[in-house]
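Heads up, the thing below is written out as structure tokens.
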Amino acid sequence: MGLLDRITPRRSDAETSVDLPVSVGDPVFATKALRKFLTCLTSRESPVLLDLGPVVGSNVGFFGEQLGCKIFVEDLFSDLDRHNRKGALETLPEFLNTRFPQADGAFDGILCWDLIDYLDRGAAQALAGQLTRVLRPEGALLGFFGSAPPRDTRYTKYIIVDEVNLKHRSYAAARGRQAILLNRDIIKLFAGLRVSDSFLLQNNLREILFRKPA
Amino acid sequence: MWKRDEAVRPAPGQPMAAPLGSTPMTAGAPGSRAETSHNVEKDIVNIGKSVVIKGELNGSEDLTIEGHVEGTIQLRDHVLTIGPNGKIKAQVFAKAVIVLGEVTGNVTASDKVDIRDNGSVDGDIVSPRVAIAEGAHFRGSVDMQRKAAAQPPKAEVKPVAAQPVASQPPVPAPTPPAGPRIGA
């Protein structure tokens with residue numbers, strides 16, 4: 001079954017899973033890496049996906065109903081906010097090291113979004129190590145990285161419109177983006193993975209698709 | 001499983017009376033008056049917001065929970081609604097589950113799980129259809145495979161152990177495993 005076959009809704013009744021009203025005002029950006037990520041993901045039957053962002057109903061419908069994924073939603077942005085509010089950011093690396101109880105190689109794909117941008121170096125390193133551990137060999141990880149100086153203190157919720165378009169919806173954050181990572185820093189961070197594809201979008205967002213070597 | 005209270009049956013043509021809220025119940029009494037209101041036409045039972053139930057809750061009617069339930073809930077072919085005041089710490093099996101309150105535990109539905117705005121689920125969802133509204137909280141996994149529509153395990157009907165709120169403190173609110181309640 002090809003990718004396009006999979007993303008054709010399996011049900012004719014449109015009232016099913018997608019309850020999230022995609023706001024008309026949300027900016028839409030073309031994504032180049034998502035299609036490749038989906039191709040990696042759907043190369044397996046019943047793929048297991050880890051989403052590190054806040055839950056988005058339409059994304060759950062997209063992956064669950066249309067692609068047949070099992071989705072784990074682990075909103076690390078809320079964890080980051082909680083640590084920030086408690087003034088316990090120094091404990092975040094330790095927290096992240098024990099955050100994922102799943103076995104090694106448990107996930108076929110990971111949606112990291114732009115989470116790394118909001119973490120300190122130690123926390124980013126801890127998270128990258130854990131994500132590398134729980135990703136199965138040949139699995140894919142999609143990460144977004146800013147390339148402009150950090151100035152916003154808002155998180156972004158990424159809403160999948162289709163395999164080549166994403167809507168961005170910002171929401172309140174307790175912490176802004178930290179320093180911009182250079183490509184070589186990102187590659188070092190995910191040392192256990194290899195960069196499969198990298199794109200610089202018109203909105204200055206870098207999309208990087210990592211694959212775990214077999 | 002619920003005894004019908006003829007006294008609250010609305011007159012023909014009249015709308016159903018509002019839920020009565022709390023009704024003290026005798027602990028462990030089979031057929032306790034856990035229902036606080038009853039819609040005769042649609043067979044919807046309402047558990048009021050001061051009612052605390054611990055144990056297995058089985059039924060063959062649609063059920064709305066505004067109180068606290070801890071244990072297991074099985075409504076094989078019916079709709080379970082967790083109202084805005086409902087706090088559930090239980091494994092849930094039903095045809096459809098609508099969440100406006102808080103659920104901690106795994107939810108299995110043969111038809112649909114619907115987490116409405118401000119609804120919260122900490123647990124794994126197995127259902128062929130899942131709707132999560134903007135503003136809802138969810139942490140866990142979602143499995144929408146066709147095999148998800150499996151029937152819940154058949155369990156023997158057991159009386160629930162219901163306690164009058166006045167004599168026993170209510171069940172503490174379910175605490176998410178990690179992270180505060182957040183809006184999606």
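The values are calculated or read from the model by the stated rules, or taken from the named source; none is laboratory data. In this text, all values refer to a predicted model and were calculated from it rather than measured experimentally. Accessible surface areas use protein heavy atoms only, side chains included; no ligands, DNA or RNA. Shrake-Rupley method; radii C 1.70, N 1.55, O 1.52, S 1.80 Å.
Bridge orientation summary for chain A: considering DSSP beta bridges with both residues in this region, about 65 percent are antiparallel. The stretch A:109-129 to the stretch B:107-142: how many Å between their Cα centroids? The distance from the Cα centre of the stretch A:109-129 to that of the stretch B:107-142 comes to 26 Å.
A compact globular protein would have a Cα radius of gyration near 2.2 N^0.38 Å; the ratio found for chain A is 0.98.
Our Cα-only numbers for the stretch A:57-172 put the radius of gyration and Dmax at 14.8, 41 Å.
Across the stretch B:43-139, the mean sequence separation of Cα contacts (distance under 8 Å, 6 or more residues apart), normalised by length, yields a relative contact order of 18 percent.
Remark on the stretch B:91-139: accessible area falls by at least 40 square angstrom from chain-alone to full-complex state for B:Arg129, B:Ile132, B:Glu134, B:Phe138, B:Arg139, probe 1.4 angstrom.
Phi angles of the stretch A:57-66 translate, via the Karplus equation with coefficients 6.51, -1.76, 1.60 and θ = phi - 60°, into HN-Hα couplings of x, 6, 5, 4, x, 4, 6, x, 8, 7 Hz per residue; Gly and Pro are given as x.
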